[in-house]
Ligand SMILES: C[S@@+](CC[C@H](N)C(=O)[O-])C[C@H]1O[C@@H](n2cnc3c(N)ncnc32)[C@H](O)[C@@H]1O
């Protein structure tokens, strides 16, 4: 079963670009410069410098390889596993959906539910980022009938309170330049999450701050876990964490009724279970 899911995640019909393409280009450029310096060092008979530059070039190339793997493969595999908890009828919101990697993986698991993605479509944060590209990806993946795209800022979500069962975000909130702005985005996510709903935020910086904001809002069911090497953006020093939080609700299982009115309907299912073995990380992130 697991191998079938992996296969499905790998078979992508959309086109998803590269995260922060300037960072990846910088790593490759750095490696080329160091390789040129290796040649110069040996040409001028300074072998010690040549060896130092060679080691630097290999290290930078390894970082570029890790980054390339994560942005093209690893993050898809990780999110494919995380989203295994979706049952099919949820209202899902993806903050900073970009070209739709998480959004469309979630949509593929939905039957009656809908997946909404909100973004400002910044080309600096993801190559070729545009609403039209995400829409074309939704068509290509065969899920456009259950996907909404909204152009907007995650610091000011244009949705009513308690609208979503599941809120996801991948490598997006850290792009907000100020701490106040990032806090505001997390507060907004909490506002539009229904009582008993689940939040999954993957990021490579600031996750401990997101946790503090949620705890300040009274969320006690919060944890962070290391997402492992498949989510390294260049190496273990740029590793990512998953922040997983459940908004308090009546018995923790309050759910949206079939007519969407948010009545307290007991709901027990995979969305209420852990996706992966939990390995908490400390406060050092
Ligand atoms: C690195 S990309 C990640 C995209 C997608 N989540 C993925 O993992 O493929 C970060 C995304 O966050 C979006 N973004 C940055 N700041 C935003 C904001 N304040 N509101 C909405 N989206 C934002 C960018 O436009 C970009 O699409």
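The values are calculated or read from the model by the stated rules, or taken from the named source; none is laboratory data. Values in this document were obtained by computation on a predicted structure and should not be read as measured data. Using ideal geometry, Cβ is built from the backbone for each residue, glycine included, and neighbour counts are taken over all protein chains shown.
Take residue 58 and decide whether it is out of contact with any helix residue (DSSP H, G or I) (no Cβ under 7 Å at 6 or more places or on another chain), buried (at least 21 other Cβ atoms within 10 Å of the Cβ) and assigned to a helix (DSSP H, G or I). Break it down into steps so the answer makes sense when it comes.
Working: out of contact with any helix residue (DSSP H, G or I) (no Cβ under 7 Å at 6 or more places or on another chain): yes; buried (at least 21 other Cβ atoms within 10 Å of the Cβ): no; assigned to a helix (DSSP H, G or I): yes.
No, not satisfied.
Can you tell which of 103, 149, 110 is touching a residue at least 12 places away in the same chain (Cβ under 8 Å), assigned to a strand (DSSP E or B) and either more than 10 Å from the ligand (Cβ to nearest atom) or more than 21 Å from residue 222 (Cα to Cα) (or both)?
Unique residue meeting the criteria: 149.
With (1) modelled with pLDDT of 95 or more; (2) under 30 Å from residue 196 (Cβ atoms); (3) within 16 Å of the ligand (Cβ to nearest atom) as the list, and residue 16 as the residue in question, which single condition is left unmet?
Every condition holds for residue 16 apart from (2).
Taking strands (runs of 3 or more DSSP E) that do not extend beyond the stretch 156-229, which have at least 2 residues that are within 14 Å of the ligand (Cβ to nearest atom), in contact (Cβ under 8 Å) with a residue 12 or more places away in the chain and more than 21 Å from residue 124 (Cβ to Cβ)? Before the answer, list the steps.
Numbers: elements: 164-170, 193-203, 221-226.
In the stretch 156-229, 164-170 are the strands (runs of 3 or more DSSP E) which contain 2 or more residues that are within 14 Å of the ligand (Cβ to nearest atom), in contact (Cβ under 8 Å) with a residue 12 or more places away in the chain and more than 21 Å from residue 124 (Cβ to Cβ).
Looking at 95, 35, 54 in this structure, which one is within 30 Å of residue 194 (Cβ to Cβ) and at pLDDT 95 or above?
Only one candidate qualifies: 95.
In this structure, is residue 136 out of contact with any helix residue (DSSP H, G or I) (no Cβ under 8 Å at 6 or more places or on another chain), more than 15 Å from residue 214 (Cα to Cα) and in a helix (DSSP H, G or I)?
Here the answer is yes, as residue 136 does meet what is asked.
Any residue that is more than 12 Å from the ligand (Cβ to nearest atom) and more than 17 Å from the chain's Cα centre (by Cα) - is there at least one of those in the stretch 115-130? First the steps, then the outcome.
Going through the stretch 115-130, the residues more than 12 Å from the ligand (Cβ to nearest atom) turn out to be 115-116.
Now restrict to residues that are more than 17 Å from the chain's Cα centre (by Cα): none.
No, the stretch 115-130 has no match at all.
Here is a check on your reading of the model: is residue 41 touching a helix residue (DSSP H, G or I) at 6+ places or on another chain (Cβ under 7 Å) and in contact (Cβ under 8 Å) with a residue 60 or more places away in the chain?
It is false that residue 41 is touching a helix residue (DSSP H, G or I) at 6+ places or on another chain (Cβ under 7 Å) and in contact (Cβ under 8 Å) with a residue 60 or more places away in the chain.
What do you reckon, is residue 122 free of Cβ contacts under 8 Å to residues at least 40 places away in the same chain and not in a strand (DSSP E or B)?
No, not satisfied.
Just one of the numbered conditions (1) in contact with a strand residue (DSSP E or B) (Cβ under 7 Å, 6 or more places away or on another chain); (2) not in a strand (DSSP E or B) is not true of residue 34; which one?
The number of the failed condition is (1).
Tell me which of these residue 133 doesn't satisfy, since it passes every other one: (1) more than 15 Å from the chain's Cα centre (by Cα); (2) within 25 Å of residue 72 (Cα to Cα); (3) crowded, with 21+ Cβ neighbours inside 10 Å.
(3)
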